[in-house]
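Here's the structure, in structure tokens; my notes come after.
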Amino acid sequence: MANISCNDIVKSYGAHPVIEGLDLDIPDHEFVVFLGPSGCGKSTMLRMIAGLEEVTGGRIAIGGTDVTDLPPGERGVAMVFQSYALYPHMSVADNITFGLRRQGASRSEIAPRLKQVAELLGLEKFLDRKPKNLSGGQQQRVAMARAMIKTPQVFLFDEPLSNLDAKLREKLRTEIRKIHMQLKTTTIFVTHDQLEAMTIADRIVLMRDGRIEQMGTPDEIYERPATRFVADFIGTPAMNFVSADIAAGDRLIAHGEGMTLELSRSAFPDLAPGQRVELGLRPARMELCTPDTSNAITGRVVLVENMGAEGQVITEVAGREVSFVTQSFRDLSPGDPVSFTISPDHIHVFDSSTGHSLRRN
Amino acid sequence: MGKLISAILTRAVLGGLIVVALGPILWTVLGAFKELRDIVTPVPKVFFEPTLDNFATILRNPTIRDGLLNSVIVVSAAVLVGAVLGIPAAHTLARHARKWGDDVQFFVLSLRFMPPVAIAIPFIVIYLDLGIYDTLFGLVLVYLIVTVSTVIWLAVPAFERVPRNIEEAAAMEGCGPAEIFWRFSLPVAAPSLFGALVFTFVLVWNELLLALTLAAQNATLPVVAASITSLGKEVPWGVINAATVLLVLPPLVFIGLLMGLLNTMVRSGPK
């Protein structure tokens, strides 16, 4: 087990830079998720830590050892690929034990460890099969067993669940999390699925265009997004964004696009009258209300999306769409007038030009 | 009813195709076991007393025996060396030199565009000077152009179909490049590579022109077979048929293997 530290990492393909000067420290035992849209450099970053890609500049250390120039096999890391990458010409047992056999471990040493990981991942029945005779979920379990049996210092997962169907994905996600709680091996998990990241991570590293946009616990990322990009990327249904101007007066009020909303003075002490900002309103933080409630937004229902326990209501407010989530969505139908409200504590404010959050505490 | 008719028609057409394709081969095989009088009779005989005399004649004939031996030596050497040189080259092209890969592959293929006559005559002069004219070694050397280029041409796509992640997973377990090639890329690509080798084998096994011009004395089987057909009026049909069977047998067996292999590959689907 080990901490990972990446120092001023640069990666370019020819003249085209993909990652420019990235710093990252991952403490021992932590489960970190690299999250971001495709092409943000998260997989490249993972592959550089694995040693499958060379860094153009910067140093990578694992457990205090500089591994920047070491081949993948000498870094003490194990990787699980999106495509499983099982050896098709070997049985499941041979796939799992290949690394140990290669290191010259004895049969008596390998057998109990194989038994242990096979039990942990429920693979006892499949050990004699060839990978092509397994389902996708079983294949991914074999890939995880292969990574686990060597008890590496670091686990790397490169979108391991993307090829599986939704139900299986959820199941394996829970299993991976449970296994981490048991083994406590430092883990980096790459995904583009924000829900997967939220549910599995100790900490999320949200990347965009080769830079770290924000790094923090799932709660920090969700409740205190550092930029409009983060706020937009995290959360389903996606956040509503409204352009607004700060009004003069005792109370901190923002006017914009048919809404008048009071903001939290303690959270945004720097806002000045006349300042142009962008408000972020999470659909899940809003609720139905009467039109005279404070911070009420009034509009007309366009569409109601039934999600089972709750529903997303898409409304038209002053010519634009705003959505919110409520459990009493069954009382609403398209065309109805509707009012909903959001507490000042839950309104996010971003600089309208830089997109940075203006929250101060 | 319409279905039945179309099924019958399909079968009839397929049956016709099989007769057209296999008829000559079958007739040759039958001829190989007939005595001359059974062959030259005006009424073709399907039932006759089979004889092994023709094969005995061939195998007792030193020219044909040597031809067979020469063919086996030259072709196996050329294919073996071609594989040893061409397969690692193809892997390197597929994995590490992709940007030049297409150009190199086209260059390699372009070696096959040239009519053999064009290289045969210069090779006679060169070989005479080097003192390797009319030697098996010289013939192997010129066949290497064919085998190396064909093996590379067919093996590059075979290695490209090996998922890169498998090689990366092996690298994660500590394997070096040579070990990855030997223990992963090669076994995973093996079925396609085997097909490439069979194809190459058939290509040089049937080669006549270069063998005729560069090694007239140390002739290979196609050269010998060609010379039997120009014997004049007293054509030993039975012997010719037997020689043909001998010549055709290895490629046929290989193609049979190849078909079986293709079938299993198609059935298991692309990975």
> How high is the relative contact order of chain A, in percent, counting Cα pairs under 8 Å that sit 6 or more residues apart?
Replying inline: 15 percent
>> Can you tell me what share of the DSSP beta bridges in chain A is antiparallel? A percent to the nearest 5 is fine.
In response: 75 percent
> What's the long-distance tail for the range A:240-351, i.e. % of Cα pairs beyond 17 Å?
Replying inline: 51 percent
>> Using the Cα centre of chain A as the reference point, and only Cβ charges (+1 on K/R, -1 on D/E), how large is the resulting charge dipole? Debye, rounded to the nearest 20.
In response: 1600 debye
> So what's the convex hull volume per residue for the Cα atoms of the protein assembly as shown, in Å³?
Replying inline: 278 Å³
> Which Cα, out of A:Phe268, A:Val302, A:Gln312, lies furthest along the positive dipole direction of the range A:183-313 (beta carbon charges, K/R +1, D/E -1)?
Replying inline: A:Phe268
>> Using a 10 Å cut-off around each Cβ of peptide A:71-77, what is the average number of partner chain Cβ atoms that fall inside?
In response: 4
> Just the C-alpha atoms of the range B:132-244: what Rg/Rh do they give, with Rh taken as the Kirkwood radius?
Replying inline: 1.21
>> As a test of the formula, what do you get for chain A when each DSSP H run with n ≥ 4 contributes -39,500 (n - 2.57) and the sum is divided by the residue count, at 222 nm and rounded to the nearest 500 deg cm²/dmol?
In response: -7000 deg cm²/dmol
>> With every atom except the alpha carbons ignored, what do you get for Rg and Dmax of the range A:23-113, in angstroms?
In response: 15.9, 46
> What is the Rg over Rh value, at two decimals, for the range A:169-301, using alpha-carbon atoms and the Kirkwood definition of Rh?
Replying inline: 1.07
>> Net charge around A:Ser343, counting only other residues with Cβ within less than 14 Å of its Cβ (Lys, Arg = +1; Asp, Glu = -1)?
In response: -1
> Taking Rh as the Kirkwood radius computed over C-alpha pairs, what is the Stokes-Einstein D of the range A:256-321 at 4 °C in a medium of viscosity 1.567 mPa s, expressed in µm² per second?
Replying inline: 92 µm²/s
> Sorted by average packing, counted as other Cβ atoms within 10 angstrom per residue and highest first, what order do A:78-84, B:8-14 take?
Replying inline: A:78-84, B:8-14
> With Rg and the Kirkwood Rh both taken from Cα atoms, where does Rg over Rh land for the range A:66-108?
Replying inline: 1.03
> When only C-alpha pairs under 8 Å and at least 6 residues apart count, what is the relative contact order of the range A:137-284, in percent?
Replying inline: 15 percent
> To the nearest 20 debye, what is the magnitude of the charge dipole of the range A:95-183 about its Cα centre, counting +1 on the Cβ of each Lys and Arg and -1 on the Cβ of each Asp and Glu?
Replying inline: 200 debye
> Given the C-alpha centroids of the range A:76-140 and the range A:269-317, what is the distance between them in whole angstrom?
Replying inline: 51 Å
> Taking N as the number of residues in chain B, what is its Cα Rg relative to 2.2 N^0.38 Å?
Replying inline: 1.25
>> Let me check I've understood the local charge: for B:Asp38, count other residues with C-beta under 15 angstrom from its C-beta, Lys and Arg +1, Asp and Glu -1. What total comes out?
In response: 0
> Along the charge dipole of chain A, Cβ charges K/R +1 and D/E -1, which of A:Gly216, A:Ile342, A:Ser135 sits furthest on the positive end?
Replying inline: A:Ser135
> So, with +1 on the Cβ of K and R and -1 on the Cβ of D and E, and no other charges, what is the size of the charge dipole of the protein assembly as shown about its Cα centre, to the nearest 20 debye?
Replying inline: 2180 debye
>> Give me B:Ile255, A:Ile179 sorted ascending by neighbouring Cβ count inside 10 Å, so fewest comes first.
In response: B:Ile255, A:Ile179
>> So if the hydrodynamic radius of the range A:316-361 is defined as the Kirkwood radius over C-alpha pairs, what does Stokes-Einstein give as its diffusion coefficient at 25 °C and 0.890 mPa s, in µm² per second?
In response: 180 µm²/s
> Per-residue ellipticity at 222 nm for chain B, helices alone: DSSP H runs ≥ 4 residues times -39500 (n - 2.57), over residue total, nearest 500 deg cm²/dmol?
Replying inline: -26000 deg cm²/dmol
> Once Rh for chain A is found with the Kirkwood sum over Cα pairs, what is the Stokes-Einstein diffusion coefficient at 10 °C and 1.306 mPa s, in µm²/s?
Replying inline: 69 µm²/s
>> Restricting to Cα pairs below 8 Å that are 6+ residues apart, what does the relative contact order work out to for chain B? Please round to a whole percent.
In response: 30 percent
> In a shell of Cβ-Cβ distance under 12 Å around B:Asn241, excluding B:Asn241 itself, what net charge do Lys and Arg (+1) and Asp and Glu (-1) give?
Replying inline: -2
> Give or take rounding to whole Å, what are the principal axis extents of the alpha carbon atoms in the range B:1-84, in descending order?
Replying inline: 60, 47, 16
>> Which log10 I(q)/I(0) values does the range A:59-215 give at q = 0.10, 0.17, 0.19, 0.20 Å⁻¹ under the Debye formula, counting every alpha carbon as one identical point scatterer?
In response: -0.38, -1.08, -1.31, -1.41
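Where a number appears in this text, it was derived from the coordinates with a stated rule and is not lab data. Here the structure is a predicted model, which means the values were calculated and not measured. As a convention, Cβ positions derive from the backbone with ideal geometry for all residues, glycine included, and neighbour counts pool all protein chains shown.
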